Amino acid sequence: MTRIGIDLGGTKIEAIALDEDGRTLARERIATPRDDYDATLAAIAILIERIEAQVASRGSVGIGMPGAISTTTGLVKNANSTWLNGRAFVDDIEARVGRPVRVANDANCFALSEAVDGAGAGHRVVFGVILGTGVGGGIAIDRAIHVGRNAIAGEWGHNALPRVEAVDLPAPRCYCGRLGCIETYLSGPAFSADHRGTDVEASTIVRDAARGDREARATLSRYVRRLAKSLASVVNLLDPDVIVLGGGLSNVDALYDEVPRALAEFVFSDSVTTPIVRNRHGDSSGVRGAAWAWP
């Protein structure tokens with residue numbers, strides 16, 4: 001069976017076709033028609049038509065998107081692509097493409113992709129982390145997305161930063177309206193803003209820290225400690241078999257050495273062996289996870 005995945009992002013929509021072994025058969029992307037719901041539906045339908053024409057096969061369709069489908073109303077909620085919120089997206093896209101469609105949160109698609117044939121393959125419980133413009137997370141159990149009763153499983157970025165210290169204050173305001181969300185400390189923009197109060201690129205801070213710059217090293221150390229505290233709360237609650245990092249900050253090599261060592265201070269256990277690993281599929285994880293949404 002051909003599996004078609006769609007990654008519906010704020011700036012691009014990407015489509016992929018996979019065979020049963022996860023090999024890429026076709027791939028294409030177009031710009032997202034921002035702030036235009038009907039045009040977004042049409043763009044997805046066109047991409048599916050193009051992909052199916054390339055592989056000469058009709059496939060199952062999975063879509064990864066920001067936000068989630070409300071279990072109460074069936075409408076989109078919590079999407080930072082705000083023109084999707086409050087819309088009957090599942091019904092509307094199924095009507096456009098003429099078949100059932102699986103829709104999942106994009107961070108859940110990342111977790112699923114890495115659980116099926118990525119860095120989490122072979123592990124039963126995978127917690128996928130997105131450290132990018134925002135901070136998200138997803139849970140895959142037995143190679144299937146764990147959605148949760150309220151369709152928010154894995155949304156650790158909008159919990160408050162645990163074990164707040166003086167250096168963490170004052171708590172920043174989050175776009176969600178709350179103070180001190182994990183996202184306001186661990187996103188890419190937050191990492192940059194924490195460095196001398198400027199918008200220095202994250203890569204520059206990491207490079208300067210490696211060269212011995214004291215201020216850059218202090219910024220990176222604060223980030224490592226905050227990430228360790230935040231992941232420790234996940235380990236204490238979920239105790240996943242592996243944590244896979246994605247997003248732009250997953251490329252910071254120091255995280256894979258320093259965060260596991262820092263976890264021990266905050267995890268309620270006599271030992272902590274949870275591996276924290278870099279994703280295998282990079283930017284492709286979201287679209288591949290969408291393709292794997294059908295069992």
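Can you confirm whether Pro295 is assigned to a helix (DSSP H, G or I) and outside the structural domain of Ile63 (by TED's automatic domain parsing)? It is false that Pro295 is assigned to a helix (DSSP H, G or I) and outside the structural domain of Ile63 (by TED's automatic domain parsing). Filtering region 67-90 to residues that are surrounded by fewer than 17 Cβ atoms within 10 Å (Cβ to Cβ), touching a residue at least 60 places away in the same chain (Cβ under 8 Å) and β-branched (Val, Ile, Thr) leaves only Thr71. For region 51-66, taking the residues that are farther than 21 Å from Ser285 by Cα and out of contact with any strand residue (DSSP E or B) (no Cβ under 6 Å at 6 or more places or on another chain), the one that is surrounded by the fewest Cβ atoms within 10 Å (Cβ to Cβ) is identified as Ala56.
Quick grid of which residues meet (1) touching a helix residue (DSSP H, G or I) at 6+ places or on another chain (Cβ under 6 Å); (2) on the phi > 0 side of the Ramachandran plot; (3) at pLDDT 95 or above:
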| position | (1), (2), (3) |
| --- | --- |
| Leu255 | no, no, yes |
| Glu258 | yes, no, yes |
| Phe266 | yes, no, yes |
| Pro275 | no, no, yes |
| Ser285 | yes, no, no |
| Pro295 | no, no, no |
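Among the residues of region 253-271, write down those that are closer than 19 Å to Asn159 by Cα and assigned to a loop (DSSP other than H, G, I, E, B). Phe266, Val267, Phe268 - these are the residues of region 253-271 that are closer than 19 Å to Asn159 by Cα and assigned to a loop (DSSP other than H, G, I, E, B). Being farther than 30 Å from Thr24 by Cβ and either outside the structural domain of Asn80 (by TED's automatic domain parsing) or not in a loop (DSSP other than H, G, I, E, B) (or both) is a description that does not apply to Ile139.
Residues being surrounded by 15 or more Cβ atoms within 10 Å (Cβ to Cβ) and of a type in the set (S, T, N, Q): count how many of those fall in region 1-47. Final tally of qualifying residues: 3. Checking region 112-132 against the condition returns no match, with no residue being assigned by TED's automatic domain parsing to the domain that holds Asn236 and over 30 Å from Asp21 (Cα atoms).
The values are calculated or read from the model by the stated rules, or taken from the named source; none is laboratory data. Computed from a predicted model, the values in this text were never measured in an experiment. When we count neighbours, we look across all protein chains shown, and the Cβ atoms used for this are built from the backbone with ideal geometry, even at glycine.
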